[in-house]
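Q: Here it is, the structure, as structure tokens.
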Amino acid sequence: MRLCSIASGSSGNCVYVGSDTTHLLMDVGISGKRTEEGLRQLGLTMKDIDGICITHEHTDHISGLGVLSRKYGVPIYATKGTAEAIRRTSSVGRIDDSLFQIITPDEKCIIKDISLYPLRTSHDAADPVAYRIDYDGRRIGLVTDLGCYSDYTVECLRHVDLLYLEANHDIHMLQVGPYPYYLKQRILGERGHLSNESAGRLLSRLLHDNMQAIVLGHLSKENNLPELAYESVRVEVTMSETRYRGNDFPMYVAKRDEVSEVIEVR
């Protein structure tokens, strides 16, 4: 199984996850053209894609969904609340209702040889989820747009081999930055986004001896820096009560506007 971030950040998110026979897109918050170009760099086309798995209906996760679904007829996996919210999003345009495959948090969904486990998240959207993706005894966790986490989050993601984790903002950069007060409060709130420090604390609870890699994603362009996110998360792990140190595991930062490295889960 492999993961590759095609785009990551508050301006658009799209992640590829797949096995040799099953190919999924996790969100399509960039244009159809950019999505197709990203897949081409992976040696794939949209005709290879078996499903588009949506976390929630915010534009930076669905902006390319209408174009791609109309052009290719790819099944769309989303919760009932998310599907209804997408239908009400005029910028996406009309999507054939038959393409929506309704998933339910905490219930397994099988797509060919991959098992998809949606888990509830705290975010200001209709019915948002994160995903655990299982294949042949391997697990990938994909967690973004998470205002806060709980023991439930940790339990759902226990023993993942690869974790794609939101590190959205540096708290100080956000507080002194140009955003209006109400938006700062939204981002900092329990239905907003994970800070670098919160990401590090969550990661500390999920580390185990067989963790193969961590990818930090969904960084804010205005309120974070790749180097800052990396270092803050690394320091948070080192300072935590876990027996692991920040340098014990490979950690990457997903690129904003270009395809990141492909990470194989073995």
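The values are calculated or read from the model by the stated rules, or taken from the named source; none is laboratory data. Fair warning: this is a prediction, and the values are worked out from it, not measured in the lab. Counting neighbours? That spans all protein chains shown, and the Cβs are built from the backbone with ideal geometry, glycine included. Accessible surface is based on the protein model in full, side chains and every heavy atom, while ligands, DNA and RNA are left aside. Shrake-Rupley method; radii C 1.70, N 1.55, O 1.52, S 1.80 Å.
Q: Percent of Cα-Cα pairs more than 16 Å apart in region 153-266, please. Each step should come with its number before you reach the end.
A: Values: 3806 of 6441 pairs.
That fraction is 59 percent.
Q: Which percent of Cα-Cα pairs in region 1-92 sits in each 10 Å bin, short to long?
A: Result, from short to long distances: 18, 57, 24, 2 percent.
Q: With no solvent and one equal point scatterer placed on each C-alpha of region 139-181, evaluate the Debye formula and give log10 I(q)/I(0) for q = 0.30 Å⁻¹, two decimals.
A: Those come out to -1.11, one per q.
Q: Give, in whole angstrom and from largest to smallest, the semi-axes √(5λ) of the equivalent ellipsoid of the chain, with λ running over the eigenvalues of the Cα gyration tensor.
A: Values: eigenvalues 143, 92, 59 Å².
For the chain, the semi-axes come out at 27, 21, 17 Å.
Q: Next question. Rounded to the nearest 0.05, what FRET efficiency do residue 185 and residue 227 give with R0 = 25 Å and r taken as the Cβ-Cβ distance? Could you check?
A: Values: r = 27 Å, r/R0 = 1.07.
Computed FRET efficiency for residue 185 and residue 227 comes out at 0.40.
Q: So what's the gap between the Cα centers of region 173-205 and region 223-266, to the nearest angstrom?
A: Result: 17 Å between the Cα centres.
Q: Could you check the simple spin-label distance between residue 242 and residue 172, using points 7 Å along Cα→Cβ, in nm with one decimal?
A: 2.4
Q: Right, here's the next one. Starting from the Cα of residue 71, draw a straight line to each of the lysines and keep only those under 26 Å, dropping any in the same chain fewer than 8 residues away.
A: Counting by Cα, and skipping residues close in sequence, residue 71 has these lysines nearby: 33, 47, 80, 112.
Q: Next up: For region 256-264, take each phi angle, set θ = phi - 60°, evaluate the Karplus expression 6.51 cos²θ - 1.76 cosθ + 1.60, and give the result in whole Hz per residue in order, putting x for glycine and proline.
A: 6, 10, 8, 6, 8, 5, 7, 10, 8
Q: Further, regarding this structure: Please give the calculated 222 nm ellipticity per residue for the chain, where each DSSP H segment of at least 4 residues contributes -39500 (n - 2.57) and the sum is spread over every residue; nearest 500 deg cm²/dmol? Don't skip to the end; give the middle numbers.
A: On the way: 9 runs with 75 residues, N = 266.
Here the helix-only value at 222 nm equals -7500 deg cm²/dmol.
Q: Apply the Karplus curve 6.51 cos²θ - 1.76 cosθ + 1.60, θ = phi - 60°, to the phi angles in region 43-58 and return the couplings in whole Hz, x for Gly and Pro.
A: Once θ is set to phi - 60°, the couplings for region 43-58 become x, 10, 10, 4, 5, 7, 6, 8, x, 10, 9, 9, 7, 5, 8, 5 Hz.
Q: Quick query: amide H of residue 53 versus all other amide H atoms, modeled in the peptide plane; which residues come in under 5 Å with a sequence gap of 5 or more or a different chain?
A: Residues meeting the criterion, in which the H sits 1.01 Å from N, are 25, 26, 27, 77.
Q: Another question, then. Pick from 124, 209, 60 the residue whose mean-square fluctuation is largest in a GNM of the chain, springs joining Cα atoms under 10 Å.
A: Answer for the Gaussian network model of the chain: 209.
Q: Given a 1.4 angstrom probe, what's the average accessible area per residue across the chain, in square angstrom?
A: Values: 11440 Å² over 266 residues.
Dividing the accessible area of the chain by its residue count gives 43 Å².
Q: Output the Kirkwood hydrodynamic radius of region 127-199, Cα pairs only, in Å rounded to one decimal.
A: Numbers: mean 1/r = 0.0748 Å⁻¹.
It is 13.4 Å.
Q: Now for a different question. I need the phi-derived Karplus couplings for region 246-254: 6.51 cos²θ - 1.76 cosθ + 1.60, θ = phi - 60°, integer Hz, Gly and Pro marked x.
A: Karplus-based 3J(HN,Hα) across region 246-254 equals x, 9, 6, 9, x, 9, 10, 10, 5 Hz.
Q: Would you mind checking which residues have amide H under 5 Å from residue 123's amide H? H placed 1.01 Å from N; only 5 or more apart, or other chain.
A: The list, which skips near neighbours in sequence, is 147.
Q: Give me the compactness ratio for region 192-246, meaning the Cα radius of gyration over 2.2 N^0.38 Å. Don't skip to the answer; put the middle values down first.
A: Details: Rg = 11.2 Å, N = 55, 2.2 N^0.38 = 10.1 Å.
Expressed relative to 2.2 N^0.38 Å, the Cα Rg reads 1.11.
Q: Select from 72, 149, 135 the residue whose mean-square fluctuation is largest in a Gaussian network model of the chain (Cα-Cα springs shorter than 10 Å).
A: 72
Q: Something else now. Ignoring ligands, DNA and RNA, please state the percent of accessible area on region 8-114 from carbon and sulfur, probe 1.4 Å. Before the final figure, lay out the partial values.
A: Values: 2100 of 4460 Å².
Percent of accessible area from carbon and sulfur atoms in region 8-114: 47.
Q: Rank by packing, highest mean first: peptides 253-260, 104-111, 196-203, with packing defined as the count of other Cβ atoms within 10 Å averaged across residues.
A: Working: 253-260: 19.2, 104-111: 12.9, 196-203: 23.8.
My ranking of the peptides, most packed first, is 196-203, 253-260, 104-111.
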